[in-house]
Amino acid sequence: MAAVIGAWPQHERFLRNSLSDYGSQELAMVDDLARRITVLAGDRMAEVVQSYRWMCGELTKETLYFKKHDAYRLSTFADADRLVYSNRPYMKQYMEGLLCSQALWRNHSAAFLFFRTNFLSRLREGFSYLEVGPGHGLFLSVAAEQQACAQARGWDVSEESLRQTALALEALGSAHGVALEQRDVLASAAVDGELFDGIAVSEVLEHLEQPREALVSLRRRLAPEGLIFINVPLNSPAPDHIYLLRTAQDARALVEAAGLEVVDLQLAPMTGYSVAEAERQKATVSCLIIAK
Ligand SMILES: C[S@@+](CC[C@H](N)C(=O)[O-])C[C@H]1O[C@@H](n2cnc3c(N)ncnc32)[C@H](O)[C@@H]1O
């Protein structure tokens, strides 16, 4: 926070608001996140903070579009791929920005706490783990570090994301036993029959034209008693978001249409909003789901 406030003092109130209602246990977990981010930024902290500020600007543009048209700007994966995933410099800044927001935004840090306390803790001893779209690598690093984790895989469509994930795992000392592959989740259904005890798909479904099909193929990869963690933001305009979910009911219906059963669902509104206020104003809410 100090690094961001130093470069962008006007953002201080927002940042303090993001942490205002956390207790000491939650703050300790956010602190651990901040430690990871500081390690990954290394001596490039000023550049990473610039990426965060740039990303906030890009998201503001998309929010203005969303407010005006009540729709996301893009609607095809091909466009998102061309403009974002395959655009290396853009993707690099974007992933660095998201790296910071993981600790700095209320809904992102809440998603991370839910992932640790509600999801990872429920996976069996010796679990195998698959993460789709690991991006900055923070979720994958924590999963791979669990004593109970026997092996982990990460699939991402973007070369730049995979590069950042690999660097993150290396820097955090969590690379052992983790295999990374460039794969499109929608093209992966029939590749092999490996099953996983835990699957995480965080901030990915809204990037897909066919999120239901992706969930169906992931459901088929769940081991008996396996669990899937889904983090999907509602009303969340971004340069690469193409699939708009407006309510928690939309998200639940999507998960159930894929043949999954919801076992836990929590809503984490963006900084400065209650769930009710966010719904009223169509502000972003992260919908956090564990399903089987
Ligand atoms: C917004 S980032 C999410 C990063 C991280 N999981 C998080 O929660 O912050 C979305 C990631 O999904 C990847 N992605 C998008 N479409 C994908 C697809 N069809 N198959 C696999 N990965 C995909 C992107 O390249 C990117 O790394």
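Annotations
- Remark on the chain: ratio of C-alpha radius of gyration to 2.2 N^0.38 Å is 0.93.
- Potential lengthening between ARG53 and GLN210 on full extension [0.36 nm per residue; Cα-Cα distance subtracted]: 53.4 nm
- Hydrodynamic analysis of the stretch 10-127 uses the Kirkwood radius over alpha carbon pairs. Inserted into Stokes-Einstein at 25 °C and 0.890 mPa s, it gives a translational diffusion coefficient of 150 µm²/s.
- Its alpha carbons give the stretch 140-278 an Rg and a Dmax of 15.8, 45 Å.
- Net +/- balance of residues flanking ASP264 in space, Cβ distance below 12 Å, scoring K and R +1, D and E -1: +2
- Within the chain, longest stretch free of exposed GluC sites (Glu not before Pro) [DSSP loop, at most 12 other beta carbons within 10 Å]: 1-124
- Percent RCO, i.e. relative contact order, over the chain, from Cα pairs under 8 Å lying at least 6 residues apart: 19
- Other residues within the sphere of radius under 14 Å centred on the Cβ of LEU254, judged by their own Cβ, net out at -2 (K and R +1, D and E -1).
- Shown is the FRET efficiency for GLU12 and ARG220, computed with R0 = 51 Å from the Cβ-Cβ distance and rounded to the nearest 0.05: 0.60.
- One decimal place: the segment SER24-LEU167 gains 48.4 nm when fully extended, by the rule 0.36 nm per residue minus the C-alpha distance.
- Label separation (GLU261 vs LYS61): 4.6 nm, computed from points 7 Å beyond Cα along the C-beta direction.
- Total formal charge among the other residues, if their Cβ is under 14 angstrom from that of ASP70, Lys/Arg +1 and Asp/Glu -1: +4
Every number in this text was worked out from the coordinates using simple rules, so none of it is lab data. Keep in mind it's a predicted model, so treat the numbers as computed, not measured. Using ideal geometry, Cβ is built from the backbone for each residue, glycine included, and neighbour counts are taken over all protein chains shown.
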